[in-house]
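Asks: Starting off with a structure, shown below.
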Amino acid sequence: SAPSTPPSLLPAVVTNSSALLSWRPPSAPNGPIARYEVRWGQAGDRARLTSREVAGGQDLEVEGLLPYTPYSWEVRACTEGAPQCWGPWSPPSSLHTSVGAPGRPGRPRVVFLNSTTAEVAWEIDSR
């Protein structure tokens, strides 16, 4: 049968664009664990979660995350040979990516207000 307890999540190791997610096996696996499923997404946006299966390990490096952004992630385990192999999802864990370097500003626009004053403006790169 499927694992009766979810995996235990460990604190994530984060950068400004990636996170190393790690976990411990379920305390009641009900047999050898064949694989894990990890899902993650921006905190509060459960409609757009990304998931990936992991076989033969208890960690996953997720890349392409947005800088200085909160994320949520969770894991479940699959018992080898069980017809309904997936156990329950772990409670979600939170992480927050680090601050990244600012992007390049857009082309400046200059408006001369009078002979001694100019106003300079540019678009901010939101990435």
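Asks: Kindly indicate whether any position in region 13-25 is of a type in the set (Val, Ile, Thr), on the phi < 0 side of the Ramachandran plot, touching a residue at least 24 places away in the same chain (Cβ under 8 Å) and buried (at least 16 other Cβ atoms within 10 Å of the Cβ). Before you say what the answer is, go through the steps one by one.
Replies: So in region 13-25, the residues of a type in the set (Val, Ile, Thr) come out as 13-15.
Among the residues that remain, those that are also on the phi < 0 side of the Ramachandran plot are: 13-15.
Filter once more, so that each one left must be touching a residue at least 24 places away in the same chain (Cβ under 8 Å): 14-15.
With buried (at least 16 other Cβ atoms within 10 Å of the Cβ) added as a condition, the list becomes 14.
Scanning region 13-25 turns up at least one residue that is of a type in the set (Val, Ile, Thr), on the phi < 0 side of the Ramachandran plot, touching a residue at least 24 places away in the same chain (Cβ under 8 Å) and buried (at least 16 other Cβ atoms within 10 Å of the Cβ).
Asks: Moving to a separate point now. Outside any loop (DSSP other than H, G, I, E, B), touching a residue at least 60 places away in the same chain (Cβ under 8 Å) and surrounded by 13 or more Cβ atoms within 10 Å (Cβ to Cβ): does that describe Leu95?
Replies: On the way: outside any loop (DSSP other than H, G, I, E, B): yes; touching a residue at least 60 places away in the same chain (Cβ under 8 Å): yes; surrounded by 13 or more Cβ atoms within 10 Å (Cβ to Cβ): yes.
When the stated conditions are applied, Leu95 passes them.
Asks: Now for a different question. Failed condition for Glu119, given (1) closer than 30 Å to Val14 by Cα; (2) assigned to a strand (DSSP E or B); (3) open to solvent by 90 Å² or more (accessible area, probe 1.4 Å), with all others met?
Replies: Unmet condition: (1).
Asks: Take the conditions basic (Lys, Arg) and open to solvent by less than 60 Å² (accessible area, probe 1.4 Å) and apply them to Arg76. Does it pass? Walk me through it before giving the result.
Replies: Numbers: basic (Lys, Arg): yes; open to solvent by less than 60 Å² (accessible area, probe 1.4 Å): yes.
Yes, satisfied.
Asks: Can Gly64 be described as open to solvent by 30 Å² or more (accessible area, probe 1.4 Å), at positive phi and in contact with a Ser or Thr (Cβ under 9 Å, 6 or more places away or on another chain)?
Replies: On the way: open to solvent by 30 Å² or more (accessible area, probe 1.4 Å): yes; at positive phi: yes; in contact with a Ser or Thr (Cβ under 9 Å, 6 or more places away or on another chain): yes.
Answer is yes for this residue.
Asks: How do the strands (runs of 3 or more DSSP E) wholly within region 1-80 filter down when requiring 1 or more residues that are among the β-branched types (Val, Ile, Thr) and out of contact with any helix residue (DSSP H, G or I) (no Cβ under 8 Å at 6 or more places or on another chain): which remain?
Replies: 33-42, 50-54, 59-63, 70-79
Asks: Turning to a different aspect of this structure: Restricting to region 98-116, count the residues that are free of Cβ contacts under 8 Å to residues at least 40 places away in the same chain and surrounded by 10 or more Cβ atoms within 10 Å (Cβ to Cβ).
Replies: Total meeting the criteria: 5.
Asks: Let me ask something else. Given (1) part of a loop (DSSP other than H, G, I, E, B); (2) over 30 Å from Ala34 (Cα atoms), identify the lone condition not met by Val111.
Replies: For Val111, the failing item is (1).
The values are calculated or read from the model by the stated rules, or taken from the named source; none is laboratory data. Keep in mind that this is a model prediction, so the values were computed, not measured. No Cβ is skipped: glycine too gets one built from the backbone with ideal geometry, and neighbour counts run over all protein chains shown. Remember, those area values only see protein heavy atoms, side chains included, never the ligands or the DNA or RNA. Shrake-Rupley method; radii C 1.70, N 1.55, O 1.52, S 1.80 Å.
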